[in-house]
1. Taking the stretch B:465-485 on its own, how many of its residues are at negative phi, within 14 Å of chain A (Cβ to nearest Cβ) and either open to solvent by 30 Å² or more (accessible area, probe 1.4 Å) or free of Cβ contacts under 8 Å to residues at least 60 places away in the same chain (or both)?
2. What's the number of the only condition in (1) of a type in the set (A, V, I, L, M); (2) open to solvent by less than 40 Å² (accessible area, probe 1.4 Å); (3) at the interface with another protein chain (Cβ under 8 Å from one of its Cβ atoms) that A:L323 fails to meet?
3. Out of curiosity, is A:K314 over 20 Å from A:S339 (Cα atoms) and at pLDDT below 95?
4. Quick check on the stretch B:258-286: of everything there that is surrounded by fewer than 19 Cβ atoms within 10 Å (Cβ to Cβ) and in contact with an Asp or Glu (Cβ under 8 Å, 6 or more places away or on another chain), which residue is nearest to B:R369 (Cα to Cα)?
5. Pick from the stretch B:84-99 the residues that are out of contact with any Ser or Thr (no Cβ under 9 Å at 6 or more places or on another chain) and closer than 17 Å to B:S60 by Cα: which of them is most open to solvent (accessible area, probe 1.4 Å)?
6. I'm told A:P462 meets every condition in (1) assigned to a strand (DSSP E or B); (2) surrounded by 24 or more Cβ atoms within 10 Å (Cβ to Cβ); (3) within 14 Å of chain B (Cβ to nearest Cβ) except one. Can you identify the failing condition by its number?
7. For the stretch A:188-212, give me each residue that is touching a strand residue (DSSP E or B) at 6+ places or on another chain (Cβ under 9 Å) and part of a loop (DSSP other than H, G, I, E, B).
8. Condition check: aliphatic (A, V, I, L, M), over 16 Å from A:G196 (Cα atoms), in contact with a Leu (Cβ under 8 Å, 6 or more places away or on another chain) and buried (at least 18 other Cβ atoms within 10 Å of the Cβ). Does A:A76 satisfy that?
Number of protein chains: 2
Amino acid sequence: MAKLLLAIVMLLHVSSSTSSTSSSSPSSTVLQPLFQYIDEHQDEFVQRLGEWVAVKSDSSDRALWGEVQTLLNMTADRLREMGAQVELADTGTQQLSSGESVSLPPVVLAQFERDPNKPTLCFYGHVDVQPAKMEDGWIADPYNLTERDGNLYGRGATDNKGPVLAWLHAVETYRATKQEVPVNLKFIIEGMEEVGSDGLDELIRLRNESFFSDVDYIVISDNVWVSRRPALTYGTRGSSYFFVEVEGPKIDLHSGVFGGSIQEPMTDLIALLGSLLDHTGKVLVPGLNEAVAPLTEEERKLYEDIHYDLEEMKKEIGVKHFLQDNKEGILMARWRYPSLSIHGIEGAFSDPGSKTVIPRRVIGKFSVRQVPNMEPAVVERQVKQHLQEVFARHKSPNILTVSSSVGAKPWVADPRDPQYIAGRKAVKAVFGVEPELIREGSTIPIAANFQEVTGKSVMMLPIGGHDDGEHSQNEKISRYNYIQGTKLFAAFFHELSQLPKDP
Amino acid sequence: MAKLLLAIVMLLHVSSSTSSTSSSSPSSTVLQPLFQYIDEHQDEFVQRLGEWVAVKSDSSDRALWGEVQTLLNMTADRLREMGAQVELADTGTQQLSSGESVSLPPVVLAQFERDPNKPTLCFYGHVDVQPAKMEDGWIADPYNLTERDGNLYGRGATDNKGPVLAWLHAVETYRATKQEVPVNLKFIIEGMEEVGSDGLDELIRLRNESFFSDVDYIVISDNVWVSRRPALTYGTRGSSYFFVEVEGPKIDLHSGVFGGSIQEPMTDLIALLGSLLDHTGKVLVPGLNEAVAPLTEEERKLYEDIHYDLEEMKKEIGVKHFLQDNKEGILMARWRYPSLSIHGIEGAFSDPGSKTVIPRRVIGKFSVRQVPNMEPAVVERQVKQHLQEVFARHKSPNILTVSSSVGAKPWVADPRDPQYIAGRKAVKAVFGVEPELIREGSTIPIAANFQEVTGKSVMMLPIGGHDDGEHSQNEKISRYNYIQGTKLFAAFFHELSQLPKDP
C-alpha cells in the first residue's frame, strides 16, 4: 500500500515528462476534430439524454422493469448501429416474496471488431435509476430533462445515464469524424444496479474465460468528482452490515408493572451499541484500527493536492463542524480509515408519540466501512467477539445473536497501471489540469468484484460533479461536465492507444 | 411514609381483634342471604357480562365511540332502574388532527338517595376497552364472552366491565333481598379511560364542590391481584415520559460517503441513552435514587407476607432470571423504587432489512416510573440536566433538545383509613384470608388525581386475578373471581357501615 501510494506521488511529479514521450501521432491533431464534433453536436447529445431520462427505468419498482428492458434495448440498438456485436445476456430469475419467480432484466454485452494490436477496454455502466417522485421535492418532473443555469436536471442524468451516453457518443464521434477507434471496445451495461446488481456477479464469473479473457482494462464511470476538479478514483471502502439481536421475555411487557425487575433487551442493546465507538467517531472494536494500512508521509502529501472546500461542504450538508479540523483529516476519515454508523433499531417503538412497552426483542443495525488491509471475514469475527464480551460482562439473562451481511471488500487499484496514466493525460488534454487522485468512502462492490474475478486493472473515471446529487431530489449533470466528459472518454481512447506496448 | 407503613404492619397484626369489636348487627346474618342470592344468580350475572362484552366499546377507535356511548347509556339505565339519579355529564370536545372538533362521550354520574347517617362511598369505573382483533391471537371472538375451564374470556371481562358489573350486582343484591344498602352510593363511570380519560380531570375539578363534596371514600376496582390471594392496593408509581432529540446535518447522509467525518446524531443519542442506567437496572441520573423514601425494617417485613411465586412468574413472562434474586427485592423494584425503560427511537431506520443512511435527526424515548418522595417536576429537571451534562462532555456539533410529557405523580394512600379496615374485613368474610397489601408498579393517574383534587381517601379494591391479561389477547376474568368479587363488594358496603363513627 505504501509502495503503491509512493508511486502515485511519483506519477504526479513526472506527468509532464511522460506526456512528451508517448505520442506516436500528435494528440492535438487527433483530438481537435473529435472535440470540435462533440461541441458541434452537444445539443443532439443533450437531446438523447432527454430521451433516455424519459424512460422510467426505476429498477426498485417491479412494475417498471419493462421500462428498464426498454432502455436496455435502446442501448443495444445504439451499439448495433455503431457496428457492435450485441448480446442480451440472461441473468436468471428472482424469487419474489410471493414465491413467484420472475426473470431479471438481461445484461447488454457488446463488443466491437477486435484488432489484436490494440489494447482492449471494457466499459461498465447501468441504465436503471433510483425512484423519483415530484412530491419528494423535485422542482420539475424528474423524468423530463430540464436545463437550468447550465445544469441538466433529471433522474439518472448523472447516475448513470449521462456517463453511459457519453461513452456511446465518444465512439460515435470517432466514427462520424472518420477516425478509427484506436482501442478494442467492449461494453457491459446492466439494469439492476440500484437494487444490488442481481445476477451480475454470476454473469461476470461465467464470462470470465470468454467475454473478459482478452480485456486489458475495465473502466467504470459511476461516481462523481470530490471537488470542482476532475478526478480519477483508485479506491472504495468495503462494507459489512451487522444485526445485533437481543431477545428477552417471551412477550412485550408493561414498563410500569415490570420496570426495574427485569433486564430489558433495550438496555442491553443500547449498552452494546454504545460500546462500538466513542464520541470522536473512533471505532472501539479491538483489532479494527490495528488492521488499517499505516499512513506514510508520501500518502499524507497526496491529500494536500486535493481541492476540498470545508466551508462549502459544511454549508452543503448543514453541520457546524466535522470530527476532524482539516481537509486532509476529513478526507482520510472518509476514504482510508474505517467508520461505523448506527442506523437504527428494529422491534422497538419508532412511531411519533409515546408508548410505554418494554419490547421483548430488539435488533440494532450498524455498518462498518472497511479499508485496506481489513478483511471482511476478520472484521466480522472481531465485531462479534467484541459484542459477546461486552454482553458477557453484563450477565444478562437475555439472548444475544449477532449476524452480518454484505461483507463487500474494500477496493484499491494500482494507479501505476497504464490506464491511470492514460486517464491523467486525457484529463489534462480536456480540462487543462491534473486530475485529483481520489478514493470513495462508499462501497461500489462492482469495482472490487471486477478486480477479484477477472484480475484486470480497474479504474473509475467519473465525469459527474461533486454536487450532482445522485440518489437525491433534483439530480443533475452540468452540460459542461456531460460534454467535456464525452471529450474525456474520446481522449482516453486515444491516450490509451498511445501508451508504450510494454510499459 | 415509614410511619404509614408501620401502621400497615400493625393493622395486619391486630386484624383478628378488630373484627370482633365492630359488629352492631352480626355480619353473617346480613351477609349470608346476600351471598346466597349472588351464588344463585351467578349465571344471570355472567349473561349480563356477555351482553356488555358484546358491545365493542373500543375507545381507541373513533368509529366505535357510538358503541362506547351505547354502553354508557346501558350503565345509566341500569343505575336508574335501581333507583339512582343519573346524569350524563358533558366532558367537552376533542380536537382531531383534521382540525374538526368532536364531542367526547359523556361521563355517568349517579347517586342513590342519601341518608346523612351513612358513610358515602363513590365508585369509579370505566366501560371502554382496549382494541381486540382475532388476528392478534385470540382463541375465540373477543366480543363474544366464552367460558373455558372456569374462565370467562372476552375483551373487557376484567378491565373493567366485569368489576363495574360486580358493583352494580352488589347493589342489586341488596335490593333483591330486601335489605337496605347500608352506605350512600355514588358512581362515576367513564368511557375514555383506555385513551387517557380526556375531560375527566376537568369534570372532577368542576364537581369537587358538588358531586364529591359529601363523599367519604373513593374506590377503584381497575387493577388485579398480584398472586392467587386477594389484595388491597394502596399505591401506584408515577410516570414521566421523555423525548431526547438529537439533530445533526440538514439532510440524511450516506454512511459510506460521510461515515467517520461527522458526529452522527445516532452516536450521540446512543451515548445519552446509555448514560441513563447501568446493566443492573440502576438509574444513573443524579438525585433520582436519593429522593426515594428510605426502606424501614417494618416495610421490609410487609413484603414477606405477599405471595409471589418467582418460578411461576418467570415462566409466565419467559425470563431466565429477574434483576433481584428474591421475592421482596423484585416487588420492591416494581413498587417502591423508580425504574427507567428505554422504549425506542424515532427517526432512525426501524424496518426489517438493511439501510445505510445516517439519519439527520433522531428522538430517543424513555420513561421514568416515580415513587414517593419523588416529584415529577424535580425529576424532569434532574433528567434534563444530566443529559445536557453528558452531551456537553461529548462536544458534539449537533443540537440536543430534551422534552417531557405526562408527569403523573406517584400515589400512596394511608391504609389506616377506615375503608382499608372495612376492605380487609370484607375480604376475610368472602375469601377467608387476609388480603395482601400491595402496590402497583404501573401508573393509574386517576387514583392520584382523585386524592389530589378531592382530598378524599382513595382505595383500589381489585377483584381480577393476576393472570387475567388486561390489554392482552385472551383477556379473562375467572367465574370465581367475578362472583366472589360481587360478594366482596356487597360485604364491603356492610363492613363500611359497621365501622365506628369516629375511628
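The values are calculated or read from the model by the stated rules, or taken from the named source; none is laboratory data. Note that this is a predicted model, so its numbers are computed, not measured. Backbone-built Cβ (ideal geometry, glycine too); neighbour counts: all protein chains shown. Heavy atoms of the whole protein, side chains included, go into the accessibility calculation; ligands, DNA and RNA do not. Shrake-Rupley method; radii C 1.70, N 1.55, O 1.52, S 1.80 Å.
1. Residues that pass the stated criteria total 5.
2. Single failed check for A:L323: (2).
3. Working: over 20 Å from A:S339 (Cα atoms): no; at pLDDT below 95: yes.
In short, no.
4. Within the stretch B:258-286, the match that is nearest to B:R369 (Cα to Cα) is B:L284.
5. From the stretch B:84-99, those out of contact with any Ser or Thr (no Cβ under 9 Å at 6 or more places or on another chain) are B:84-85, B:87-89, B:96-99; that's our starting set.
Those still in the list that are closer than 17 Å to B:S60 by Cα too: B:96-98.
On the way: B:L96: 44, B:S97: 133, B:S98: 89 Å².
Among those that are out of contact with any Ser or Thr (no Cβ under 9 Å at 6 or more places or on another chain) and closer than 17 Å to B:S60 by Cα, it is B:S97.
6. Single failed check for A:P462: (1).
7. Step one: list which residues in the stretch A:188-212 are touching a strand residue (DSSP E or B) at 6+ places or on another chain (Cβ under 9 Å), which gives A:188-194, A:197-200, A:203-204, A:206-207, A:211-212.
Across the stretch A:188-212, the qualifying residues are A:G191, A:M192, A:S197, A:D198, A:G199, A:R207, A:F211, A:F212.
8. Criteria met by A:A76.
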